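The values are calculated or read from the model by the stated rules, or taken from the named source; none is laboratory data. Computed from a predicted model, the values in this text were never measured in an experiment. Counting neighbours? That spans all protein chains shown, and the Cβs are built from the backbone with ideal geometry, glycine included.
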Amino acid sequence: MDDRTSDPLDRALATALRRVEDRRTVPELGLVVSRVHDTTPLGYQRYTPSLSVVLAGRKRSVVGDDDQVWGREHFIITPVDLPVIAGVVETVPEVGFVSAVWQLDASVVAEVAGAMARATPSDQEPGRLGTWTPGLADAFARLVALMDTPEDVPVLAPLLSREVVLRLLQTDQAPRILAAIGTGEAEVVVAATRLLTERTAEPWSMATLADAVRTSESTLYARFRSATGMSPMQYLKRLRLGEAKRRMVVHGDTAAQAASAVGYRSASHFSRDYRAAYGRPPAEDAAVARTHFALVPA
């Protein structure tokens, strides 16, 4: 990473550290910065349409079959609601792990995309990780800097938001950014993720899901995997396991109760899937998670 890219990210990190220490947020920016001081176990997270950035340290993100360890040299675009297994694997001395998540506004993406010159679409599906350009890093750093001057947000945030989207659309991640609009080819993906999220416990199959969103199984599979990195059934499994973990940790459900509530008909099948995702049997993992949450300061 050259200085034209690293210097703006250094500025963004400095701003993020100040704001985390002051516990100051600016909701109007749609930007959340967070910091942890130690590595963490893998856990379930729900990503909404967003740009995810690591400013210090490294994390591991598992999306379907895609298992990546990444840091500040990359970013990740989440075009639709996405269940992810993730954890912090490396921290920086005296800094820890610092990240930022910026919510994508579909209307802004549509406006900027509509005003841009049409580029010839690539036949290659972009990798899960995006690579910074100097222009994108600079625009993002100036967006983060607005956390220091919230009085400027009403005037500058709309302009900087459009610039960040423009710079993102100029990278190989443009197809994922456009999928956040939820129109055209992405429409069936958005509809399918909504159904699976709202009706997780139902006995979905590729055939019933494709019928519900009025497309063919092959079309749904191809578009869904391109946008999310997972097949619809992998996506559903991740949703079910995440919700089951939440029920065990938050509500105290047994593994059998949680499995049944999210749509599993076989306790042994649930246990195998859960251990494959989280590395521990359900009851043991839930107990560890409850202990971890109890130790985190309020």
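Name every residue in region 133-159 that is within 24 Å of ARG72 (Cα to Cα) and among the β-branched types (Val, Ile, Thr), in order of residue number.
Correct list: THR133, VAL144.
Return the residue satisfying two criteria in turn: it lies in region 8-28 and is out of contact with any strand residue (DSSP E or B) (no Cβ under 7 Å at 6 or more places or on another chain) and at pLDDT 90 or above, and of such residues it is farthest from VAL92 (Cα to Cα).
PRO8
Select from region 192-232 the residues that are of a type in the set (D, E, K, R) and part of a helix (DSSP H, G or I) and list them in ascending order.
Scanning region 192-232 gives ARG194, GLU198, ASP211, GLU217, ARG223, ARG225.
All but one of (1) surrounded by 20 or more Cβ atoms within 10 Å (Cβ to Cβ); (2) closer than 21 Å to PRO175 by Cβ; (3) modelled with pLDDT of 95 or more hold for VAL54; state the number of the condition that does not hold.
Single failed check for VAL54: (2).
When you check THR254 against the structure, is it out of contact with any Cys (no Cβ under 7 Å at 6 or more places or on another chain), within 23 Å of LEU42 (Cα to Cα), buried (at least 19 other Cβ atoms within 10 Å of the Cβ) and among the β-branched types (Val, Ile, Thr), yes or no?
Against the criterion (out of contact with any Cys (no Cβ under 7 Å at 6 or more places or on another chain), within 23 Å of LEU42 (Cα to Cα), buried (at least 19 other Cβ atoms within 10 Å of the Cβ) and among the β-branched types (Val, Ile, Thr)), THR254 does not qualify.
Here is a yes/no grid of residues against (1) modelled with pLDDT under 90; (2) outside the structural domain of GLY114 (by TED's automatic domain parsing); (3) small (Gly, Ala, Ser):
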| site | (1), (2), (3) |
| --- | --- |
| VAL188 | yes, yes, no |
| LEU196 | no, yes, no |
| TRP204 | no, yes, no |
| ALA210 | no, yes, yes |
| TYR221 | no, yes, no |
| MET230 | yes, yes, no |
| MET233 | no, yes, no |
| HIS251 | yes, yes, no |
| ALA256 | no, yes, yes |
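Report yes if some residue within region 110-129 is at pLDDT below 95 and in contact with a His (Cβ under 6 Å, 6 or more places away or on another chain); otherwise report no.
The answer is yes, given that some residue of region 110-129 is at pLDDT below 95 and in contact with a His (Cβ under 6 Å, 6 or more places away or on another chain).
Hey, among ALA212, ALA227, ALA201, which residue is free of Cβ contacts under 8 Å to residues at least 60 places away in the same chain and of a type in the set (Gly, Ala, Ser)?
The match here is ALA212.
Would it be correct to say that LEU241 is within 26 Å of THR78 (Cβ to Cβ), in contact with a Phe, Trp or Tyr (Cβ under 8 Å, 6 or more places away or on another chain) and either among the charged types (D, E, K, R) or crowded, with 21+ Cβ neighbours inside 10 Å (or both)?
Here the answer is yes, as LEU241 does meet what is asked.
Within region 74-93, identify whether any single residue is assigned to a helix (DSSP H, G or I) and either touching a strand residue (DSSP E or B) at 6+ places or on another chain (Cβ under 9 Å) or over 28 Å from ASP285 (Cα atoms) (or both), and answer yes or no.
So far as region 74-93 goes, no, none of its residues is assigned to a helix (DSSP H, G or I) and either touching a strand residue (DSSP E or B) at 6+ places or on another chain (Cβ under 9 Å) or over 28 Å from ASP285 (Cα atoms) (or both).
So which residues in region 20-39 are over 16 Å from PHE140 (Cα atoms) and in a helix (DSSP H, G or I), if there are any at all?
Answer for region 20-39, where residues must be over 16 Å from PHE140 (Cα atoms) and in a helix (DSSP H, G or I): VAL20, GLU21, ASP22, PRO27.
Can you name the number of the only condition in (1) basic (Lys, Arg); (2) surrounded by fewer than 16 Cβ atoms within 10 Å (Cβ to Cβ); (3) at pLDDT 95 or above that ARG142 fails?
All conditions are met except number (2).
In the list PRO41, PRO27, PRO49, which residue meets the criterion of being touching a His at 6+ places or on another chain (Cβ under 8 Å) and either surrounded by fewer than 18 Cβ atoms within 10 Å (Cβ to Cβ) or not aliphatic (A, V, I, L, M) (or both)?
PRO41
Give the residues of region 60-102 that are buried (at least 22 other Cβ atoms within 10 Å of the Cβ) and of a type in the set (Lys, Arg), sorted by residue number.
If the condition is that a residue be buried (at least 22 other Cβ atoms within 10 Å of the Cβ) and of a type in the set (Lys, Arg), then ARG72 is the only one that fits.
Can you tell me which residues in region 139-166 are in a helix (DSSP H, G or I) and not aliphatic (A, V, I, L, M)?
If the condition is that a residue be in a helix (DSSP H, G or I) and not aliphatic (A, V, I, L, M), then PHE140, ARG142, ASP148, PRO150, GLU151, ASP152, PRO154, PRO158, SER161, ARG162, GLU163 are the ones that fit.
ARG60 - would you say it is in a loop (DSSP other than H, G, I, E, B) and more than 24 Å from ALA191 (Cα to Cα)?
no
Give me the pairs, please: first residue somewhere in region 65-87 and without any contact (Cβ under 8 Å) to a residue 24 or more places away in the chain, second residue anywhere and assigned to a strand (DSSP E or B) and among the β-branched types (Val, Ile, Thr), beta-carbon distance under 9 Å, and either six or more positions apart or on two chains.
That search, which allows pairs on different chains as well, returns ASP67/ILE85; VAL69/VAL89; GLY71/VAL54.
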